[in-house]
Amino acid sequence: MKIAEARVIVTCPDRNFVTLKIVTDEGVYGVGDATLNGRELAVAAYLTEHVVPQLTGRDPARIEDIWQYLYKGAYWRRGPVTMTAIAAVDTALWDIKGKVAGLPVYQLLGGRSRDGVTVYGHANADSIESVLSEIADYVKLGYRAVRVQTGIPGLESTYGVSKDRMFYEPADAAVPTENVWSTAHYLDHVPRVFARVREEFGPTLQLLHDVHHRLTPIEAARLGKSLEPYHLTWMEDPVPAELQEGFRLIRQHTTTPIAVGEVFSSIWDCQQLITEQLIDYIRTTVVHAGGITHLRRIFDLANLYHVRSGSHGATDLSPVCMAAALHLDLSIPNFGLQEYMRHTETTDAVFPHGYRFEGGYLHPGEEPGLGIDIDEDLAARYPYRAASLPVNRLQDGTMHSW
Ligand code: GCO
Ligand code: MG
């Protein structure tokens, strides 16, 4: 069997997605997600111009070799654009391997380690009172883990609070929207939110909170300490993680568990965080960290150091990434949680899939391969629309992390 063709499909069914479809000379094909929010066309060009011409004629069964070829062969290693492009190829090749074997990919990865993949949903609202009713809705739907974000009194906009109730889409304008941030207002408010949430929902609902890289280590340490009475499952992205040793300071001060990794693209971005046990959950996922092949390597390293998985699953990661993540989630020994932000109906129609939500779990389904497809005719009806993530400034106008 040989790779006959690879197509890059860019579509915008309510938001932009880039998908790679690899077709073999025997007609079997596989799909991989290549979406990098706000920088979609950079990956599309990387694939079209530099990767696709090197794939034709290769044996699709040689997943590891093709991964090494694209990683080492480019000379320029790592980085989100390169690693997202490699991820797309890798994911599509696993899909093909599963279809050829007649097995769902999780079976090729060692089989089930659990019955289903526990997911967390997003409760977000302007005020504490309205976030309580959002959480109640998730509990009714069967979720056992909920991420909680609210507006901050004194600030007009806050990361994580959507305009739409069920769907969250931060990439809302071609030229980035500008948000304003105050750490003082934030640190004062968040513990009040979680005090109310615990009072209302009791001790066992798993609660999470995303700081979105907005604090310094000592500020994050204060936040973690102030949240200890409400025993969160995790405090996410407390600080920007370019400086991995920054997490040591947070760790020394608080027992609130720490999760990080959605912007990481390789094992090297989290090596120190994992081996020094500075984090509890690693949140990299298939599309941005080199596909199933590389992500499994990250999770295996994490497993040695009591770090569990908590993969990113926002709506800007396509259903193709979600399907791939679920196969890995089901098979690894150190699974923690999987983020699950529902896609819109239009997105789901473009990407018909076998995975399903039931009682707080996602199940990848039993179809051979990943159990995911792209309806190319439908996709063609939704052309790309430029959309950027917002930027963030302090009240005095200084650029801050979004
Ligand atoms: C999350 C994330 C997202 C990101 C988005 C960026 O935890 O789900 O922080 O909401 O902001 O995926 O593209
Ligand atoms: Mg996040």
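Using the per-residue mean of other Cβ atoms lying within 10 Å as a proxy for protection, in what order, highest first, do the peptides 71-77, 367-373, 268-274, 53-59 fall?
Values: 71-77: 11.7, 367-373: 24.3, 268-274: 18.9, 53-59: 14.1.
In descending order of packing, they fall as 367-373, 268-274, 53-59, 71-77.
Mind checking the dipole of region 160-251: about its Cα centre, +1 per Lys or Arg Cβ, -1 per Asp or Glu Cβ, Debye to the nearest 20?
Here region 160-251 has a charge dipole of around 360 debye.
Rg over Rh of the chain, using C-alpha atoms and the Kirkwood radius, what does it come to? Intermediate values should be presented prior to the final figure.
On the way: Rg = 20.4 Å, Rh = 21.4 Å.
Ratio of gyration radius to Kirkwood radius: 0.96.
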Hey, can you find the accessible area per residue of region 169-209 for me, probe 1.4 Å, expressed in square angstrom?
46
If you average the alpha carbon positions of region 260-285 and of region 164-241, how far apart do those two centres end up, in angstrom?
19
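For the chain, what is the relative contact order in percent, using Cα pairs closer than 8 Å and at least 6 residues apart in sequence?
Numbers: 896 pairs, mean separation 92.8, N = 402.
Once divided by the residue count of the chain, the mean separation gives 23 percent.
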So what J values fall out for region 53-66 if you push phi through Karplus, 6.51 cos²θ - 1.76 cosθ + 1.60 with θ = phi - 60°, rounded to Hz, Gly and Pro as x?
x, 8, 8, 4, x, 7, 7, x, 6, 8, 4, 4, 5, 5
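Please work out how much length the chain gains when fully extended from D300 to T344, using 0.36 nm per residue of separation minus the C-alpha to C-alpha distance, in nm with one decimal. Mind dumping the intermediate values first?
Numbers: separation 44, 0.36 × 44 = 15.84 nm, distance 3.30 nm.
Gain in length upon complete extension: 12.5 nm.
Out of the total accessible area of the chain (probe 1.4 Å, heavy atoms of protein only), what percent is carbon and sulfur?
Values: 8250 of 15850 Å².
C and S fraction of accessible area: 52 percent.
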Expected max-MSF residue from D237, D329, D137 in the GNM of the chain (alpha carbon, under 10 Å) is D137
Can you work out the Karplus-derived ³J(HN,Hα) for every residue in region 97-106? Use 6.51 cos²θ - 1.76 cosθ + 1.60 with θ = phi - 60°, whole Hz, and x for glycine or proline.
4, x, 5, 5, 6, x, 10, x, 4, 4
The long-range amide H neighbours of E5, using H built 1.01 Å from N in the peptide plane and a cut-off of under 5 Å, are V23
Amide H of N179: which non-local residues (sequence gap of 5 or more, or other chain) have their own amide H closer than 5 Å, using H built in the peptide plane?
V391, N392, R393
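Would you mind working out the accessible area per residue for region 3-104, using a 1.4 Å probe, and quoting it in Å²?
On the way: 3970 Å² over 102 residues.
Per-residue value: 39 Å².
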Along the three principal axes, how long is region 3-104 when you take its alpha carbons, biggest first, rounded to the nearest angstrom?
36, 35, 22
What are the principal axis extents of the Cα atoms in region 277-402, in Å, biggest first?
47, 41, 29
Nearest-20 debye value, region 3-104 charge dipole, Cβ charges on Lys, Arg, Asp, Glu:
260
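The values are calculated or read from the model by the stated rules, or taken from the named source; none is laboratory data. No experiment lies behind these values; they were computed from the predicted model shown. Using ideal geometry, Cβ is built from the backbone for each residue, glycine included, and neighbour counts are taken over all protein chains shown. Side chains are part of the model used for accessible areas, which takes the heavy atoms of the whole protein and leaves out ligands, DNA and RNA. Shrake-Rupley method; radii C 1.70, N 1.55, O 1.52, S 1.80 Å.
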